[in-house]
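The values are calculated or read from the model by the stated rules, or taken from the named source; none is laboratory data. For clarity, every value in this text was computed on a predicted model and none was experimentally measured. Here Cβ is always computed from backbone atoms with ideal geometry, including for glycine, and neighbour counts include all displayed protein chains. Protein only, heavy atoms only, side chains kept; ligands, DNA and RNA dropped before computing areas. Shrake-Rupley method; radii C 1.70, N 1.55, O 1.52, S 1.80 Å.
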Amino acid sequence: MMAIAALWIGVLLLGGGFALDRTLTRMVENNFDDQLEYLLNAMIVTAEIGPDGEVYFNRPLGEPRFLEPNSGLYWQISGTGQLDTPSRSLWDTELQLQADHVDMDPHFYDSSQFDNEPLRIVERSVMLPESDTRWTFAVASAREELDFQISRIRSILLWSFALLGLGLMAMALAQSYYGLSPLRRVRAAIQSMRSQGSHRITEPLPLEVEPLVEEINALLAHTEKQAEEARTHAGNLAHALKTPLTVLTNAATAHDPQLSDLVCRETRTMQRHVEHHLARARAVGRRATGHSRANVWPSAESVVRAVTRIYPDTRFDLDGNREVQVTIERQDLDEILGNLIENAAKYGGGSVFVTVDAERNDPDECSIWVEDDGAGIPESERVRIFDRGARLDTGKPGTGLGLAIVRDVAEIYGGSVELDESEDLGGLLVRLRLPRAD
């Protein structure tokens with residue numbers, strides 16, 4: 001910011017200084033030229049032709065420096081075939097005029113014909129009455145005073161613009177320091193969080209940085225939630241594995257003759273628990289990326305094809321919106337639908353209906369219905385069935401973790417799942433709601 005400010009201040013000051021220098025210099029030079037032209041016109045007005053053809057003035061010019069030798073102000077009259085008439089101030093020298101052309105209007109130019117005395121000369125060609133000679137009237141003045149005024153103006157401009165530039169840089173520095181001070185306060189607040197153990201930025205800050213503070217606090221809350229979820233998963237997994245490990249330990253200690261079958265059964269249970277918590281962990285990790293998106297129809301089609309191979313006697317119907325997308329990773333969506341459709345085929349009576357985007361009037365959520373023609377679940381058991389290990393039909397293989405996985409993963413992505421009775425098939429209706437993608 002300071003480098004950009006310095007660059008623009010420098011460019012603007014240089015441009016403005018150059019323009020102002022040219023303007024003031026031209027004004028001083030024009031004023032100087034006006035004085036020379038005034039003296040030239042006075043010479044022409046008072047000039048007459050004498051009896052011998054010479055030029056003389058019918059009255060004094062009124063400028064005493066014309067009479068003082070080497071005064072710095074000179075005049076000279078030259079004519080074709082005539083002797084030059086110089087002012088007394090020229091003494092024993094004469095002006096070298098640009099006589100190779102005719103100037104009917106005043107012509108100004110600089111000359112360095114005198115050593116250490118640069119001149120400013122104005123000349124004009126005139127035809128005087130009673131004379132056929134073209135006369136050239138010239139007035140010359142030393143540039144010392146003019147150059148001094150110009151250098152004085154440039155010195156004042158240089159120092160003024162230098163002070164102005166320093167002042168502007170100081171103001172830009174103060175503005176930047178003051179404007180960025182809220183960010184330093186945010187940094188100090190973050191440092192205090194790390195050193196003092198606070199969990200949020202609570203210091204009142206200007207409106208300009210409030211969105212940043214809100215995002216930081218939201219990030220902290222998200223991080224805390226993930227840490228808490230990780231601790232909960234670790235505790236749940238430890239609790240879930242504790243009972244099978246205890247059973248195995250007791251059986252091994254007692255030399256149970258059915259130890260082999262017991263080991264196989266309990267290890268399958270532990271493997272299912274591990275898969276459950278790994279699924280939750282993967283879902284949390286993918287949600288943190290913030291760019292999850294999946295098309296529901298291809299996922300549902302692939303799951304139905306896979307489950308059909310396991311349950312070839314079951315009739316599957318898939319209907320609904322083929323274009324709808326939800327904010328969830330495809331792998332997690334496959335796992336959710338796989339659990340729901342496999343349960344419907346396992347516990348149903350031979351028919352499974354899957355409807356994608358069943359409630360199209362909801363602009364925020366996509367509803368996926370999975371229905372079967374089985375015995376259903378009593379209303380009093382529909383909440384308990386989501387608990388880990390809860391099973392109503394113990395006659396069929398399973399660990400009771402399928403619906404728990406569905407609920408946990410759906411909630412991680414901001415969705416939900418609920419159970420109801422199917423009006424068309426009479427069995428269980430599972431309503432899965434997931435956030436609709438923009």
Residue hits (region 141-173; touching a residue at least 60 places away in the same chain (Cβ under 8 Å), within 17 Å of A5 (Cβ to Cβ) and open to solvent by 60 Å² or more (accessible area, probe 1.4 Å)) are L164, L168, L173
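In this structure, is S351 modelled with pLDDT of 85 or more and closer than 27 Å to R315 by Cβ? Step through it out loud before you land on a result.
On the way: modelled with pLDDT of 85 or more: yes; closer than 27 Å to R315 by Cβ: yes.
Yes, satisfied.
Has region 322-341 got any residue that is within 16 Å of G427 (Cβ to Cβ) and either part of a helix (DSSP H, G or I) or free of Cβ contacts under 8 Å to residues at least 40 places away in the same chain (or both)? Reasoning before the result, please.
So the first thing to find is which residues in region 322-341 are within 16 Å of G427 (Cβ to Cβ), and the list is 340-341.
Narrowing the set further to residues that are either part of a helix (DSSP H, G or I) or free of Cβ contacts under 8 Å to residues at least 40 places away in the same chain (or both) leaves 340-341.
The answer is yes; a qualifying residue exists.
Of the residues that make up region 73-84, is at least one outside any strand (DSSP E or B), surrounded by 16 or more Cβ atoms within 10 Å (Cβ to Cβ) and either at positive phi or modelled with pLDDT of 85 or more (or both)? Before the answer, list the steps.
Let us first name the residues in region 73-84 that are outside any strand (DSSP E or B), namely 80-84.
Restricting the remaining residues to those that are surrounded by 16 or more Cβ atoms within 10 Å (Cβ to Cβ) gives none.
So far as region 73-84 goes, no, none of its residues is outside any strand (DSSP E or B), surrounded by 16 or more Cβ atoms within 10 Å (Cβ to Cβ) and either at positive phi or modelled with pLDDT of 85 or more (or both).
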Quick one: what pairs do we get from region 190-211, first residue under 23 Å from K225 (Cβ atoms), second hydroxyl-bearing (S, T, Y) and at pLDDT 75 or above, C-beta under 8 Å, 6+ apart or different chains?
S198/S192
Subset of region 319-339, residues over 20 Å from A404 (Cα atoms) and open to solvent by 50 Å² or more (accessible area, probe 1.4 Å), comes to D319, R322, E323, Q325
For the subset of region 293-318 comprising residues that are among the basic types (K, R) and over 19 Å from A410 (Cα atoms), which member is surrounded by the most Cβ atoms within 10 Å (Cβ to Cβ)?
R315
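Within the group M27, M104, which residue is surrounded by fewer than 13 Cβ atoms within 10 Å (Cβ to Cβ) and under 23 Å from E144 (Cα atoms)?
Values: M104 fails: under 23 Å from E144 (Cα atoms).
The match here is M27.
Condition test on L14, is it out of contact with any Leu (no Cβ under 9 Å at 6 or more places or on another chain), among the aliphatic types (A, V, I, L, M), surrounded by 15 or more Cβ atoms within 10 Å (Cβ to Cβ) and in a helix (DSSP H, G or I)?
Values: out of contact with any Leu (no Cβ under 9 Å at 6 or more places or on another chain): yes; among the aliphatic types (A, V, I, L, M): yes; surrounded by 15 or more Cβ atoms within 10 Å (Cβ to Cβ): no; in a helix (DSSP H, G or I): yes.
Spelling it out, it is not the case that L14 is out of contact with any Leu (no Cβ under 9 Å at 6 or more places or on another chain), among the aliphatic types (A, V, I, L, M), surrounded by 15 or more Cβ atoms within 10 Å (Cβ to Cβ) and in a helix (DSSP H, G or I).
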Of the conditions (1) over 24 Å from R265 (Cβ atoms); (2) buried (at least 20 other Cβ atoms within 10 Å of the Cβ); (3) modelled with pLDDT of 85 or more, A345 satisfies every one except a single condition; which number is it?
(1)
Count, please, the residues in region 344-364 that happen to be touching a residue at least 60 places away in the same chain (Cβ under 8 Å) and in contact with an Asp or Glu (Cβ under 8 Å, 6 or more places away or on another chain).
7
In region 413-438, which residues are crowded, with 17+ Cβ neighbours inside 10 Å and among the hydroxyl-bearing types (S, T, Y)?
Y413, S422
